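In what follows, a structure is listed as structure tokens, so that the remarks can point back to it.
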Amino acid sequence: MSEKEYDVIVIGAGLFGMATAYHLKEKNNELKILVVDKAAMAGAGNTAQSAGMYRDTFSSEVNLLLSSTTRNFFRYVQNTLGVDLSLKDITYLWLMDREQFEQNKTAVEMMLNNNLRIEILEKDDIERKIPELVTNFNDNEDAKLLGLRNIDYAILGLDCGELDADKITRDFYEAEYIKLGGEVLYSTKITKLVLEPEEEKLGIPGEPVGWQKKKVGAIETEKGDLLKAETFFVATGAWANELLLPLGVDSRTMPLKKSLFRIQHTRLAGFLDNEHFNEDKTTPFFIFPMFGIHMRPVKYNNSIWIGGGNVIGKPYVMTDPRDITKKDNPLDNTEADPRKYEYDLYLILSEYLPVLKDLPLTSCWSGYYAMNTMDKNPVVFKPNGIKGLITVTSGSGSGIMKADAVGRIAEALYRDQEYAELFGGVKFKVSRLGITERDVDKEYFII
Ligand SMILES: Cc1cc2nc3c(=O)[nH]c(=O)nc-3n(C[C@H](O)[C@H](O)[C@H](O)COP(=O)(O)OP(=O)(O)OC[C@H]3O[C@@H](n4cnc5c(N)ncnc54)[C@H](O)[C@@H]3O)c2cc1C
């Protein structure tokens, strides 16, 4: 059994873990930091399964700050530092019927008051700009059975778009972190956070016992090696509870399986080629008025990625921390069920977009949202009663677009700062993403 010692160990080299490690090293260069991951490289967990989309069209102030400062930082990385992230403002188009539009009016006013660059499109304009889209189902019996909503309005988010999640994780955060002297250890699964008495050991069986102050003093690898540090960050996303629950720490995060379905066909070329929305002359990212079903255009190879759908009745995926060493962890399974597309999403989408009729599914894959069960926002906290432990998780399906802000907030929490400084000098109260003093306002724009 070997032992190694660090100031900080970040467990999990997804985008949250790498952004955290980079900001820690960048602000505190003297620290000896290790990032450890069970995968063979950074960003191979759910970061790799994501659609890589970003937006600022949120109604909650917290989401607005986290996502807009992160996007601005990513733009700076690409445009000023010259790291290609394949970042493009292809725009987001939220399609809605009259009732949904009325319900969202307050949120729209909020976005306008916050100077978000959005436009409201009315039905005629939508039909003119996207002739392939069916907007009215009043005389369609199949559509009535499916409960389809008409399209009367759209909110166009101009500062929203796509980027390559692998590139921001590896080509920027990991590369810069290593340049600053940060260390990485891959293909190493952590099976246990080792709890120790905060003060000296007394030789009592089962130490630390109830009355003793506690800290995480080490982590144990699958091979039985111990890695020691003053502070451990758990940034293991959907897997977070496997390490935290055995210590009695609840991250309020549950894994929810999410699949993406890809259709590639030359028939889509005309639809994907659209001059009305962005410099790339591609159709925007669509959000349909049903169950947050969404569609990412990938113009260069005539394909689209489809995701979303009703989650009622879909179980959270439970993993038992006692099974952490098992090879068949359900959270490692990235297969998707094509029937979810064929009997659910396809029936809805092919009514809105008849160009999809009878096109076969080309491929599909799945990942797991680390879903915060309180308000679907990231969680960054130090659990009460345990020293040396910080949890950074709960991307909740929008972690790419919030990652830089989350990394800065985690770094500020490490230094016990009341406020984190987000990109552009924006101040953010660190406790807002914690558990005990959590202060996250309501979000209406959920996919
Ligand atoms: C299908 C899908 C689509 C998505 N689309 C978007 C999108 O368009 N936009 C957006 O902003 N977000 C999206 N997300 C969410 C986004 O991918 C995440 O929020 C983001 O990548 C942050 O991830 P993370 O670092 O918390 O987790 P991960 O990337 O999963 O990283 C956790 C890491 O921990 C490692 N790990 C786990 N357990 C252990 C252990 N015991 N020992 C060692 N290492 C361990 C894993 O190998 C992994 O690398 C999507 C997610 C999914 C699943």
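Over the alpha-carbon set of the chain, divide Rg by the Kirkwood Rh and report the Rg/Rh ratio to two decimals. Mind dumping the intermediate values first?
Values: Rg = 22.8 Å, Rh = 22.9 Å.
On the Cα set of the chain, Rg over Rh gives 0.99.
Tell me the Kirkwood hydrodynamic radius of the stretch 211-290 in angstroms, computed as one over the mean inverse distance between distinct C-alpha pairs. Could you put the intermediate results ahead of the total?
On the way: mean 1/r = 0.0550 Å⁻¹.
Roughly 18.2 Å, rounded to one decimal.
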Open item on the list: Per DSSP helix of 4 or more residues, -39500 (n - 2.57); summed, then divided by the residues of the chain. What does that give at 222 nm, rounded to the nearest 500?
Closed with: -6000 deg cm²/dmol
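Give me 390, 178 ranked fewest to most by other Cβ atoms within 10 Å of their Cβ, as a rough exposure proxy. Please list the in-between numbers first.
Values: 390 21, 178 16.
In increasing order of surrounding Cβ atoms, one gets 178, 390.
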TODO: Identify the trypsin sites (Lys or Arg not before Pro) of the stretch 190-275 meeting these criteria: DSSP loop state and at most 14 other C-beta atoms within 10 Å of the C-beta.
DONE: 201, 213, 223
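What ranking, highest mean first, results for peptides 402-410, 377-385 when packing means the other Cβ atoms within 10 Å averaged over each residue? Intermediate results must be reported in sequence, preceding the final value.
Working: 402-410: 29.1, 377-385: 20.6.
The densest-packed peptide leads the list: 402-410, 377-385.
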Open item on the list: Please list, in order, the residues from the stretch 246-290 whose amide nitrogen is less than 19 Å from a point placed 7 Å along the Cα→Cβ vector of residue 318.
Closed with: 246-258
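Considering all alpha-carbon pairs of the stretch 294-382, what whole percent are spaced by more than 20 angstrom? Write down the numbers at each step before the final one.
Working: 2025 of 3916 pairs.
The answer is 52 percent, as a whole percent.
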Task: Relative contact order computed over the chain (Cα-Cα under 8 Å; 6+ residues apart), in percent - done: 24
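Eigenvalues of the Cα gyration tensor times 5, then square-rooted: what semi-axes does that give for the stretch 121-222, in whole angstrom, largest first? It would help to have the intermediate numbers written out before the result.
On the way: eigenvalues 672, 121, 36 Å².
After diagonalising the Cα gyration tensor, the semi-axes are 58, 25, 13 Å.
Taking neighbour Cβ counts within 10 Å as the exposure measure, how do 334, 70 sort from fewest upward?
With the sparsest Cβ surroundings first, the list reads 334, 70.
Which translational diffusion coefficient, to the nearest whole µm²/s, is obtained for the stretch 344-431 from the Stokes-Einstein equation, given a Kirkwood hydrodynamic radius over C-alpha pairs, 37 °C and 0.692 mPa s?
On the way: Rh = 16.1 Å.
Reported coefficient: 204 µm²/s.
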TODO: Using θ = phi - 60° and the Karplus relation 6.51 cos²θ - 1.76 cosθ + 1.60, list the HN-Hα couplings for the stretch 251-260 in order, rounded to whole Hz, with x at every Gly or Pro.
DONE: 7, 6, 10, 10, x, 10, 6, 10, 10, 10
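Using a Förster distance of 56 angstrom, determine the FRET efficiency expected from the C-beta separation of residue 109 and residue 178, and round it to 0.05. All intermediate terms of the calculation are to be shown ahead of the outcome.
Working: r = 45 Å, r/R0 = 0.81.
Efficiency at R0 = 56 Å is approximately 0.80.
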Open item on the list: Can you list residues from other chains, or at least 5 along the same chain, whose modelled amide H is less than 5 Å from the amide H of residue 214?
Closed with: 198, 387
Open item on the list: Can you say what percent of the DSSP beta bridges in the chain, counting only those with both residues inside, are antiparallel? Round to 5.
Closed with: 70
TODO: Using amide H atoms built 1.01 Å from N in the peptide plane, name the residues 5+ places from residue 191, or on other chains, whose amide H lies under 5 Å from its own.
DONE: 220, 221, 222
Task: Whole-Hz ³J(HN,Hα) from phi, Karplus 6.51 cos²θ - 1.76 cosθ + 1.60, for the stretch 304-319, glycine and proline x - done: 9, 10, 10, x, x, x, 5, 9, 5, x, 8, x, 5, 8, 9, 10
TODO: Express in nm, to one decimal, how much length is gained between residue 226 and residue 363 on full extension, taking 0.36 nm for each residue of separation and deducting their alpha carbon distance.
DONE: 45.2 nm
- [ ] Calculate the length of the line joining the C-alpha centroid of the stretch 340-419 to that of the stretch 245-314, in whole Å.
- [x] 13
Task: Net length gained if the chain between residue 264 and residue 212 were fully extended (0.36 nm per residue, minus Cα distance) - done: 12.7 nm
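The numbers here are math on the coordinates, done by the rules we state, and not lab data. The structure presented is a predicted model; accordingly, all values stated were derived computationally and were not measured. Using ideal geometry, Cβ is built from the backbone for each residue, glycine included, and neighbour counts are taken over all protein chains shown.
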